[in-house]
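Below is one structure; the comments refer to it alone.
The values are calculated or read from the model by the stated rules, or taken from the named source; none is laboratory data. This one's a predicted model, so the numbers in the text were calculated from it and none came from an experiment. No Cβ is skipped: glycine too gets one built from the backbone with ideal geometry, and neighbour counts run over all protein chains shown. Areas reflect the complete protein model, heavy atoms only, side chains present, ligands, DNA and RNA absent. Shrake-Rupley method; radii C 1.70, N 1.55, O 1.52, S 1.80 Å.
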Amino acid sequence: MFGSLFEEEGEGYSLAPSGGRVVKGEGEPPPPRGRVNLSGIKNQGGTCYLNSLLQTLLFTPEFREELFSLGPKELGCLEDKDKPEAKVRVIPLELQRLFARLLLVDQQSASTTDLTDSFGWNNSEESRQHDVQELNRILFSALEHSLVDTSGSAFIQRLYHGTTVNSILCKECGNISQRQEDFLDLTVCVRGVCGLEGALWDMFVEEEMFEGSNLYRCGQCDQLVTAAKSAKLRKLPPFLTVSLLRFNFDFARCERYKETGRYTFPLTINLRPFCEQTEDEDSEYSYELFSVIIHKGGCYGGHYHVYIKDMDHLGLWEPPEEDTKPKVQKKEVRVYPELEKDDPLSVLSSIIAQEESRSVLLDQLGQRLMDKIGSSWSKKYRKLHGPIGKFLQNHSDVFVLVNNGTWVALKANPPSPVTQPSSPAHLTPGSSSTPDPVHNNTANHLPEPGLETEPKTAPEPQGSHWFDLNDSTVTSIHERDVEKMYQGKESAYMLFYRKTLLRRPSGALRNPGYQVPPHLLEMAEEENRRLQQRREAFEASNNSVELRLHLAPHYRLENGALKPISIEQKEATNLTFDRCRTVGDLRMIIYQKQDFWEGDMALTVARSLPAGLHLYNTLTDDEVSLYSAGILSGTDLFVWNGREVCGATVQTGAEWEPVLLTVVRPSLGEEEEGEGEGVGEEGGSGLTKQSRGFAGRVTLGEVREALGEPQESLLCQEKRGGEGGGASGWRVFPPGDMQRTLKELALKDGDALLVLEPQTQDSSVFSVSGDMVTVTTPSDCRWLLVEYRPERRRRGGGEEEEERMRAKVPASGNMLLCEVKQRAIAELQLQEHLAGVACCLRQVDRTGKLLPPVCEELNVRDAGVRLMTSLSLCPGMAPKDTQLFLYFSVGTASSSGLEGEIIVERSSTVKQCLKKMLESARLEGDGWHLRRLNWCEEVGEALMDEEASLSELKMSHGDALVITEGRLPPKGFLKLSVWLYVEPSSVVSMETEVNGMAAGSTEGQRLEDMTTVGGAMVELRTVGQVEISEEATLEELKTQVLTLPELQYVCVPTPAFLRVWQLEGQRLTRILRGQQHTLRKLKLSSGVEFCVQQLLREEDLGPKEVLLRIQMGVPGERGYYPPEDLVWDASRDPSPRSLRSALASTYGLSPDSLLLAKHQPHTHTWETFSNWSQQVSKRKKKKKAESLLGAPFHLKDGDIIGVKNLLIDNNRDFSTQQDEQRLREEKEQRRKGGQGVGAEVETNRGVGPEKKMGPIKTRKSEVALSINVGVFR
C-alpha cells in the first residue's frame, strides 16, 4: 500500500553496519525485565510498526487465548516443518512461541526473527518500514489462511468482524436500496474533522443528497430522482479497530503531507447513534479504549510505538519518575546534613531507607546519589572506597543484594514479596505474580507465616495500568498521557476499542501463564533456566579487554583509507579496560589521558585492512557497557570528532571498506621515483604496477576518474591469475559496469586492473577482440610522436595546407619538454624554416582539437603528458610555469566562437587581463567587463572583483572568458531591470502619451510582453534599468525608479502609491513589502527584474497581508464580474472563515452565504474552500484552524478567488467555458502526442509555474508489504 513511505529515519540504536541486524557480543545474556515486569520487542532495523501491532494483539487477552487454544494436533510441530509431507502451520506456531516468551521469559525484550522468517521476509524487508494499518489487514489475512480447516479458522471473524449497511432512499416513491459491507477495521477521515465522534457522525448520521445535476436512477421508478444516501453500523464486533487517515496528498504541490492537527478520541464511546438497531441496552454499544498505536515523524519517515492498557494487570504499574522526582529531592534536602556527605555508608543507607519498599534498583542507586549530594560516586568516593558494587559487598552486614544482584536492600529490612518485582520464570498457569520463595535470595528474611497479614497495597490511582511499549523499552504512563497524542508530529494513528461487557476472569488477573499450553510453559521454564546459567557464567568471566586506540591527529585519509602521517610514529596506544564498564567511562578515561584533546570525541570501531585503517560503527550510547556494545579484546577503536580527519570527510560502514587494487599500465620505461607505491617494471611483461586503494562503494567510473583517465579509456580485469601483461588475456569491463560499485563487481584486495588509454587502443601494443584484450607490450616504449602543422597558405585565390610532418622522438618521464621540442625540430629538419619563429607543443584530443600549449619548463611527467602519445608543434608562445593560457571571445552569445588566445601571468588582476584582451581584440573604451564561459559553453557569471588576481579566482589553463559590453556596478550595488504594469483600462489611453515621449523607440522595444492577472489581460513594458546600493530601502528604490525617462508621465504624490512586483520569467510572483526594508533584506540580487504598478491610494502591506484578486460570480451564468483587489490580513486568523468574513464585510453579505474557491491556472480548475466550521467546546477553546497559507491552498499575492452568493446563485460549479475549452484543447493535444495547447498559451502569456522545479530528492522505491502463507486446504 504505502511501501517504504514510512522508512525509518534514525530509529532505535544499532551498532551493526548499515543494512545489518544488531549483533551483541557472543555469549552475552540479554538483560532481565525492568521494574514494570513487562517484556519489549527488539527492533530489527525498521520493524517498530510490527512490534506495536504485536504488543496490541498480545494485550488483547481474548485474541491471545484463542491462539493458545490451538494445539499441536491442529497446527503441527515446528520440528517437522522441513518434512515435505507434513503440513505445519508455521505462522501461528511462531506467534504462539513469541507470545509465550513475552509473557513468561525473564528478558528485557524478545526477538521477532523467527516470526519474520516465517513471513518469508529477508534482511532488507526487516530494515524497511511499512504502514501499520496495512500490516494489520495483511497479518489477519495470513492468519485466516494459515488456520483453514482448524477450530480457530473463524476466530478473527468472531473478534473483529462487523458489518455496515449503505442505504439509498428514493424521495419520489420511498423505495430503499441497501447494500451490506463487511469490515475488520473502520477507516475514518482526519482532515477537516475535530475528532472521532465527528468523523463517525459524518459517516453514519449525515445524509448525502442526490439532487440538481447529480440525480439518482431509482430501480423502481426507472427514472432520475432526488434521493438520500446514508450508512449505518449493522453488526458491532467485540473489538473495534479504527484507522486514522493522517496521511494525505497535496495535488497542488504534488507531495504527501501528514495531518498534525488536533483530533480527539474518547476513552469510552457509545455507538448507539451510529447503529441501525438501537433497541438493546447501552452496554451493548459501549466500548472502552485499550490501545493506541502512535506515529512520530512525517510522511516520509518516523517511528511507531504504542500506549496499551493492561487489562489483566500483568505488569507492575508505578507512577512515572517525573511524578516522584520532586518529592525525593524535597526529602533529601531535609534529611541530609552537610557533615554526613563524607560518609558513604550513612548516605547510601539513608537513600535506601527513604524508599517505601526499603530497596533500590542497583542501576538507579548512582542517580539517586547524584540527586542527593550533587556528585557521582566516581568523583566523591571511588578513590577511597573503590567501585560502588564492591563497597556494597564489603558491607554485607548492612546491605543485601537480591534478585540476582539487580536490587539492593538494607539487611534489617529486606524487600517483602509483595513489593518485590516478580520473576516470570516461576509463574505457572494457576499461580499469581508473587515470586516463589525458593528462588528468592531473601527467603530467610521473610515474615513468619503466623504474622503474615494481607499485603498493604496502596489504592491504585485512577487511570493506572497504562504502559508505553516502545520496542525494547516499556514504561508506565498515566491515562491522561493518552490525550497528549491528539495532535502534533507524534500523534495517534490507530485506535483499538473493546466492548465494556467483556469481563476478565479472576484467574487471569496478575497471572501471565493463564491459558498458556503446557508445552509452551515448559519451553519458557527451560529458556529461563538457560538464561540464568548464562548470566552466572557471564558474571564469573574475565571482564578485562585489551583495546588499541588510534588517535585522529596521527592519521590522514588517503585513497579511501586512513594511514599514519608518519611512518616512525606509533600507530596505536594499548589500553586495558573493564568491559563491564560503560562507553561513557571509557570516553572519560581517554579524555583524562589526552590533555590536548578539544571538542567532541567519537569512538568508532576500526579494523586494519590491506588498504589501511577503516572505520565501522560508532559507539553512541554512553550508558551501554562495552560487552553489550560488542567490544572484545583486541578491538581497534578510532578516536576522532565523528565527522572528519585532517579536514577530509570519512565514510564509515562495511559498504565503504577500501579495496587495494593493483593498477596496471603500459611501461613508460623510466624509473618511477617518488611515486610512493608504484613499482615500474622494464622488459618482461612491459607493464608497470601500482597499488592503489579505493572505497568499496565507489563505482568503476569514479575509479577511472580518480586515475585521471578520460571516459574513452578501457578498464580491464585479468582473466586468469598470473602476473598480468605479456600474452595473458584481460576482460574489458562493459559500459554498464561503470555504474556498479567495486563491491558489486566482487573486486577484492590484490586484484589487477589494466588501464588502456584511447591513443593506445589502436596501436600494435594491444589487440582488442570483442571484450578481450591481449597485451603484447614491447620492452621499449619510450617515445613521443610530434606532428608539425604548418600554417595554411593562399595560392591562386584558395587555401592549401601543406602536408603534415611527423617524427617519433625518444623520451622519458624526466625529460624536459623544451628538449623534446628541440629534438623534434632536429628530426623534422625545421631549423631554418622556424628560425626566429616562436613555436610551442600542444596536446590533441580525440576529435583533433588542439589543447592549450604545455609548459616547456616542466618535464614530461609533471606536465601530465603520457608517453606513446602525440603532440603537435604549432606557432605561438609557450606559457611559463607562472603564466596562464586563456581563450577569449567578444559578445554575449556563445555562438560567437572563441576568437582569441592570450597568455597572462597568474598574478595578473582581472582588470589587467581585460585590458590585455581589449588590446588584442582592438577594442577601445572602458565600458566592458569579463564573464566566465561555463562547461556547456554558455555565458556565465561576471567577474565582479576586478582587483582580484586570476589565481585567487582559481583560473586554470584553457579556461574561456567572454568580453561583454557594459560596466559592472560598483561593489555593493545592484543593477535591476524595471518594467511597467499597465492596467487593461489604461492601455489605450496611455498609448498616445508613451508614443509621444518615446517617439524614436520601436514597437519591439516598447511593448515587451503580455500576461494575465485575475483573468484580465495586462501589459508589461520595459522602462530601463536602475543601479542602486543593496543597502538602499524599498522606498528609495521606488523614488529612483520614478526618475527614469520612460516614467515621466507617471505622477504619484508619494512612493507609497507604487506597488512593486518581483518578476520571474515575465510572471508576477510576489509583492515587495516594507518601505524601510533594505534590498538585501528583501533578498534582491543583481539582474533581478521587477515591475511597478501605479495605485490610486497609498499601500504598505504587512508581512501576513495577502493581495487577492476577487471575482464575484454572475448569477445564473458561468462567468464573473471584473476582478477587484482585496487586501486580506491573515496575521491573526488565516482560516477560510476569516477570509469569508472579510469578503462578507466588503460586499455587505452574510458569511454563511458565501462559497469560495481558488483558481488553479495551470490545470484550469477551481479548488473550493470548505464551508464546514469546527465546533469547539467551552473547555477546549484553543483549536488550530485550517490555514489557507499552508497546504493544500498556499494562498499568495495575485491569486484569483472566485465568490458565489448562494442566496441568489445555486450553481456551485466555478468552472467557466474558457476553462473547459482549455482542457479540451490540452486533451486533444495529448491524444495527438504533443504538448498541451494550454501549456503553450500559458508559456507565451507568462502564466506558468511560479518557479522552476528544483531537483526532486530521490527516495527508495516503494515495495508492497506481503506475508507468504502455505496451502492447508
Item checked: Alpha-carbon Rg with Dmax, taken over region 147-294, Å -> 18.5, 54
Item checked: Whole-percent carbon and sulfur share, accessible surface of region 194-302, 1.4 Å -> 47
Item checked: Inter-probe distance in nm under a simple model that places probes 7 Å from Cα toward Cβ, at GLU952 and LEU850 -> 3.3
Check: Running Debye on region 216-307 with equal point scatterers at the Cα sites and no solvent, what base-10 log of I(q)/I(0) appears at q = 0.12, 0.25 Å⁻¹?
Finding: -0.69, -1.27
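At 0.36 nm per residue, minus the direct Cα-Cα distance, what do LEU632 and THR1043 gain on full extension? Give it in nm, one decimal, please.
Working: separation 411, 0.36 × 411 = 147.96 nm, distance 7.89 nm.
Result for the pair: 140.1 nm of gain on full extension.
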Checklist line | Net charge over other residues, Cβ less than 15 angstrom from the Cβ of ASN394 (K, R count +1; D, E count -1) | finding: +1
Notebook entry, point to check: So how far apart, in nm, are the two label points at ARG548 and ARG1118 if each is 7 Å from Cα heading toward Cβ?
Noted result: 8.0
Notebook entry, point to check: Amide H neighbours of THR187 under 5 Å, counting only residues 5+ apart in sequence or on other chains, H built in-plane at 1.01 Å?
Noted result: SER243
Notebook entry, point to check: Say each of LEU224 and ASP578 gets a label point 7 Å from the Cα, pointing the same way as Cα to Cβ; how far apart are those two points in nm?
Noted result: 8.6
Note to self: Residues of region 620-655 with the amide nitrogen closer than 20 Å to a label point 7 Å from the Cα of LYS390, along Cα-to-Cβ, please.
What the structure shows: 625-627
Note to self: Given R₀ = 30 Å, what would the calculated FRET efficiency be for ASP1129 paired with ASN248, taking r from the Cβ atoms and rounding to 0.05?
What the structure shows: 0.60
Next item on the list: Could you calculate the FRET efficiency of SER357 with GLU206 from 1/(1 + (r/R0)^6), where r is the beta carbon distance between them and R0 is 60 Å, rounded to 0.05?
Entry: 0.65
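What trypsin sites (Lys or Arg not before Pro) does region 1066-1110 have in DSSP loop regions with at most 13 other beta carbons within 10 Å? Please report the intermediate quantities before stating the final value.
Details: sites: ARG1067, ARG1070, ARG1073, ARG1080, LYS1081, LYS1083, ARG1097, LYS1104, ARG1109; in loops: ARG1067, ARG1073, ARG1080, LYS1081, LYS1083, ARG1097, LYS1104.
Sites meeting the loop and neighbour criteria: LYS1081, LYS1083, ARG1097, LYS1104.
Using 1/(1 + (r/R0)^6) with R0 = 30 angstrom and r between the beta carbons of SER69 and ARG534, what's the FRET efficiency to the nearest 0.05? Spell out each step's value before the answer.
Working: r = 33 Å, r/R0 = 1.09.
For SER69 and ARG534, the calculated efficiency is 0.35.
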Checklist line | Extension gain, LYS1227 back to CYS818 (0.36 nm per residue minus Cα-Cα distance, nm) | finding: 140.4 nm
Check: Exactly which trypsin sites (Lys or Arg not before Pro) in region 513-617 are in a DSSP loop and have at most 12 other Cβ atoms within 10 Å?
Finding: LYS570
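So which GluC sites (Glu not before Pro) in region 554-614 end up in coil per DSSP with only 12 or fewer other C-beta atoms within 10 Å?
On the way: sites: GLU558, GLU568, GLU571, GLU598; in loops: GLU568, GLU571, GLU598.
Those that pass, being in a loop and sparsely packed, are GLU568, GLU598.
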Notebook entry, point to check: PRE reach from GLU483 (point 7 Å along Cα→Cβ): which of region 173-208 fall under 17 Å by backbone N?
Noted result: 195-197
Item checked: List ILE565, ILE1267, ordered by accessible area with a 1.4 Å probe, largest first -> ILE565, ILE1267
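If you take the Cα Rg of region 113-168 and divide it by 2.2 N^0.38 Å, with N the number of residues, what do you get? Walk me through the numbers before you get to the answer.
Working: Rg = 15.1 Å, N = 56, 2.2 N^0.38 = 10.2 Å.
My calculation over the Cα atoms of region 113-168 gives 1.49.
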Margin query: Can you tell me how region 60-144 classifies by the Cα gyration tensor, rounded, prolate or oblate, using a/c under 1.5 as the rounded cut?
Written below: rounded
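Using 0.36 nm per residue of separation minus the Cα-Cα distance, give me the extension gain between SER1085 and ARG382 in nm, one decimal. If you can, show how the numbers build up before the last one.
Working: separation 703, 0.36 × 703 = 253.08 nm, distance 6.31 nm.
Working it through step by step, the gained length comes to 246.8 nm.
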Check: Using a 1.4 angstrom probe and counting only protein chains, how large is the accessible area of LEU834 in Å², to 10?
Finding: 20
Margin query: Cut-off 16 Å, label point 7 angstrom out along Cα-to-Cβ of GLN594: give me the residues of region 624-654 whose amide nitrogen falls inside.
Written below: 636-648, 650
